[in-house]
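Chemist: What follows is a structure written as C-alpha cells; I'll ask about it next.
The values are calculated or read from the model by the stated rules, or taken from the named source; none is laboratory data. Since the model is a prediction, treat every value here as computed from it, not as a measurement. Cβ placement follows ideal geometry from the backbone for every residue including glycine, while neighbour counts extend to all protein chains displayed. Side chains included, ligands, DNA and RNA excluded: accessible areas come from the protein's heavy atoms. Shrake-Rupley method; radii C 1.70, N 1.55, O 1.52, S 1.80 Å.
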Amino acid sequence: KASVDLERQYSSLPDHRRKLVNDLANNYSMEQTHIMGVFKTNAMIISNDESCLFPLICRANHACVPNCTYVWDAKSENQRMYACRRIVKGEELCVSYLPDSMVETRTNRQAYLKDYYGFECACEICSLGKGFVLSQDEEDRKKAIQLVGLLNSTAKRIEPSLGQDNYKKLYEDVGVQLYDHLKTMIIHPTFEYLILNSLFSVSVLLLHQEKAQHYAEEACRLSQILSGLDSTSTLDWVHTKETLRDQFNDLGALEEIVAGWSLAV
C-alpha cells in the first residue's frame, strides 16, 4: 500500500525533517494517515509516474502570474526554483499551482484552486478591482481560450508526418496568432513556452527550416529563464539548435522522429 510505504519513508527521516513534513498543510484529513494527506496536498510531480515532497519549496505561495517557477533536477536530485522575471527587494517569491496549459478567467482559476487546494486565490491578478485592467485581462484570456480550442481541434486532424497540408497551415496560423496575443498579456511564461514548442513542431512538419530554427532559439531562451542553463530542457534545445540543419538534410530519419509527435496543447 502506498500509505504504508510513505509512512515507512517518513519514519526513516531524522527528527527535524519529520517535523518539517508534519507541520505542512493537510487538505485531505479523510486520508488514512496524516502523512498521506500531507503528501497529497504538497507533493510535486517530477515525472509521468513520480511525485516527491519538498518541505521548503512546497511552502511557496501561489500566484496566477508568479515571479518564480520550479523544475526537478534529476542529476542532483533537487527541486530547483528560478526567478522568471525581475523581482524587487522584499517581494514574496511565488509559484503557480495551476496546470501550465491553463489560461482561464478569474472565476475558473479560483474555482480550480478552491477544488484542488482549498483556498480562494487573492493574488495580484485575482485581486484586480472592477475597471479597464480587469476587463481587458478577462477579454484577453477569453480570446486565448478560444484560440487554444481551435488549435487543439485542428491538432486532432493532423497526421504527424512531413509535408504541406491545409490543417498544418491552419494550425501554424492560429499558433502564431495565439503567440502574438500572449505577448500582449500578463501571463505566466510557461504557457508561452508550450506554444513555442507547438510552433516549432508544426514548422518541422511543414518543412519550414528557418521558422523551426527561430522557434528553437526562442524556446531555448525561455527554457533558460524557466529552468536554468543546464536543465535537461535547455540542453535539449541547445542540441536541437545545433543539429537542426543536419536533421533537415536527412528527411528519412526526421520522418521517424516526428511520427510520435502530438500537437495538442
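Chemist: Yes or no: Val202 open to solvent by less than 30 Å² (accessible area, probe 1.4 Å), in contact with a helix residue (DSSP H, G or I) (Cβ under 8 Å, 6 or more places away or on another chain) and either at pLDDT 95 or above or not in a loop (DSSP other than H, G, I, E, B) (or both)?
Modeler: Working: open to solvent by less than 30 Å² (accessible area, probe 1.4 Å): yes; in contact with a helix residue (DSSP H, G or I) (Cβ under 8 Å, 6 or more places away or on another chain): yes; either at pLDDT 95 or above or not in a loop (DSSP other than H, G, I, E, B) (or both): yes.
It is true that Val202 is open to solvent by less than 30 Å² (accessible area, probe 1.4 Å), in contact with a helix residue (DSSP H, G or I) (Cβ under 8 Å, 6 or more places away or on another chain) and either at pLDDT 95 or above or not in a loop (DSSP other than H, G, I, E, B) (or both).
Chemist: Does Ile186 satisfy being modelled with pLDDT under 95 and over 30 Å from Lys75 (Cβ atoms)?
Modeler: Working: modelled with pLDDT under 95: yes; over 30 Å from Lys75 (Cβ atoms): yes.
Considered against the rule, which asks whether it is modelled with pLDDT under 95 and over 30 Å from Lys75 (Cβ atoms), Ile186 comes out as yes.
Chemist: Pairs, please: C-beta under 9 Å, at least 6 apart or cross-chain, first residue among the hydrophobic types (A, V, I, L, M, F, W, C) and in region 72-97, second loosely packed, with under 11 Cβ neighbours inside 10 Å?
Modeler: Cβ pairs passing all conditions: Trp72/Ile45; Trp72/Ser47; Trp72/Glu50; Ala74/Ser47.
Chemist: Do the conditions hold for Tyr112, that is, is it open to solvent by less than 20 Å² (accessible area, probe 1.4 Å), at pLDDT 95 or above and within 21 Å of the chain's Cα centre (by Cα)? First the steps, then the outcome.
Modeler: Values: open to solvent by less than 20 Å² (accessible area, probe 1.4 Å): no; at pLDDT 95 or above: yes; within 21 Å of the chain's Cα centre (by Cα): yes.
No: the conditions fail for Tyr112.
Chemist: While we're here: If you scan region 24-35, which residues turn out to be surrounded by 11 or more Cβ atoms within 10 Å (Cβ to Cβ) and farther than 11 Å from Leu53 by Cβ? Working first, answer last.
Modeler: Of all residues in region 24-35, those surrounded by 11 or more Cβ atoms within 10 Å (Cβ to Cβ) come to 24-28, 31-35.
Across region 24-35, the qualifying residues are Ala25, Asn26, Asn27, Tyr28, Glu31, Gln32, Thr33, His34.
Chemist: Which residues, counting only those in region 82-119, are under 24 Å from Phe39 (Cβ atoms) and part of a loop (DSSP other than H, G, I, E, B)?
Modeler: If the condition is that a residue be under 24 Å from Phe39 (Cβ atoms) and part of a loop (DSSP other than H, G, I, E, B), then Leu93, Ser96, Tyr97, Leu98, Pro99, Asp100, Met102, Gly118, Phe119 are the ones that fit.
Chemist: Residues of region 1-12 being at pLDDT 90 or above and exposed (fewer than 14 other Cβ atoms within 10 Å of the Cβ), which ones?
Modeler: Residues satisfying the conditions are Arg8, Gln9, Ser11, Ser12.
Chemist: Identify the residue in region 180-191 that is touching a helix residue (DSSP H, G or I) at 6+ places or on another chain (Cβ under 9 Å) and within 15 Å of Asp100 (Cα to Cα) and, among all such residues, is surrounded by the fewest Cβ atoms within 10 Å (Cβ to Cβ).
Modeler: The initial filter retains those residues of region 180-191 that are touching a helix residue (DSSP H, G or I) at 6+ places or on another chain (Cβ under 9 Å), namely 181-187, 189-191.
Among the residues that remain, those that are also within 15 Å of Asp100 (Cα to Cα) are: 182, 186-187, 189-191.
Working: Leu182: 19, Ile186: 14, Ile187: 19, Pro189: 18, Thr190: 19, Phe191: 22.
So, considering only residues that are touching a helix residue (DSSP H, G or I) at 6+ places or on another chain (Cβ under 9 Å) and within 15 Å of Asp100 (Cα to Cα), the one surrounded by the fewest Cβ atoms within 10 Å (Cβ to Cβ) is Ile186.
Chemist: Taking region 45-55, which residues are out of contact with any Cys (no Cβ under 6 Å at 6 or more places or on another chain) and open to solvent by 20 Å² or more (accessible area, probe 1.4 Å)? Steps first, answer last, please.
Modeler: Here is the first cut: in region 45-55, the residues out of contact with any Cys (no Cβ under 6 Å at 6 or more places or on another chain) are 45, 47-55.
Correct list: Ile45, Ser47, Asn48, Asp49, Glu50, Ser51, Cys52, Leu53, Phe54.
Chemist: Can I ask one more? Determine whether Ala253 is closer than 13 Å to Leu162 by Cβ and free of Cβ contacts under 8 Å to residues at least 24 places away in the same chain.
Modeler: Values: closer than 13 Å to Leu162 by Cβ: yes; free of Cβ contacts under 8 Å to residues at least 24 places away in the same chain: yes.
Here the answer is yes, as Ala253 does meet what is asked.
Chemist: Moving on to the next point. List the pairs whose first member sits in region 231-242 and is within 10 Å of Ala216 (Cα to Cα) and assigned to a helix (DSSP H, G or I), whose second member is open to solvent by less than 30 Å² (accessible area, probe 1.4 Å) and not hydrophobic (A, V, I, L, M, F, W, C), and whose Cβ atoms are under 6 Å apart, counting only residues at least 6 apart or on separate chains?
Modeler: Close Cβ pairs (under 6 Å, with a partner that is open to solvent by less than 30 Å² (accessible area, probe 1.4 Å) and not hydrophobic (A, V, I, L, M, F, W, C)) amount to Trp237/Ser223.
Chemist: Being open to solvent by 40 Å² or more (accessible area, probe 1.4 Å) and outside any loop (DSSP other than H, G, I, E, B) is the filter here, so list the residues in region 208-219 that pass it. Full working, then the answer.
Modeler: Filtering region 208-219 down to residues open to solvent by 40 Å² or more (accessible area, probe 1.4 Å) leaves 208-211, 213-214, 217-218.
Once the filter is applied, which keeps residues that are open to solvent by 40 Å² or more (accessible area, probe 1.4 Å) and outside any loop (DSSP other than H, G, I, E, B), region 208-219 yields Gln209, Glu210, Lys211, Gln213, His214, Glu217, Glu218.
Chemist: So in region 120-144, with the set limited to residues that are in contact (Cβ under 8 Å) with a residue 24 or more places away in the chain and not in a helix (DSSP H, G or I), which one is surrounded by the most Cβ atoms within 10 Å (Cβ to Cβ)?
Modeler: If we take residues in region 120-144 being in contact (Cβ under 8 Å) with a residue 24 or more places away in the chain and not in a helix (DSSP H, G or I), then Cys121 is surrounded by the most Cβ atoms within 10 Å (Cβ to Cβ).
Residue by residue, here is whether (1) under 30 Å from Cys126 (Cα atoms); (2) open to solvent by 50 Å² or more (accessible area, probe 1.4 Å); (3) among the small types (Gly, Ala, Ser) holds:
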position: Tyr171; (1), (2), (3): no, no, no
position: Gln177; (1), (2), (3): yes, yes, no
position: Tyr193; (1), (2), (3): yes, no, no
position: Leu206; (1), (2), (3): no, no, no
position: Arg221; (1), (2), (3): yes, yes, no
position: Gln224; (1), (2), (3): yes, yes, no
position: Val238; (1), (2), (3): no, no, no
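Chemist: Next up: If you take the residues in region 56-103 that are closer than 19 Å to Gly228 by Cα, β-branched (Val, Ile, Thr) and over 15 Å from the mean Cα position of the chain (by Cα), which one is most open to solvent (accessible area, probe 1.4 Å)?
Modeler: In this case the residue turns out to be Ile87.
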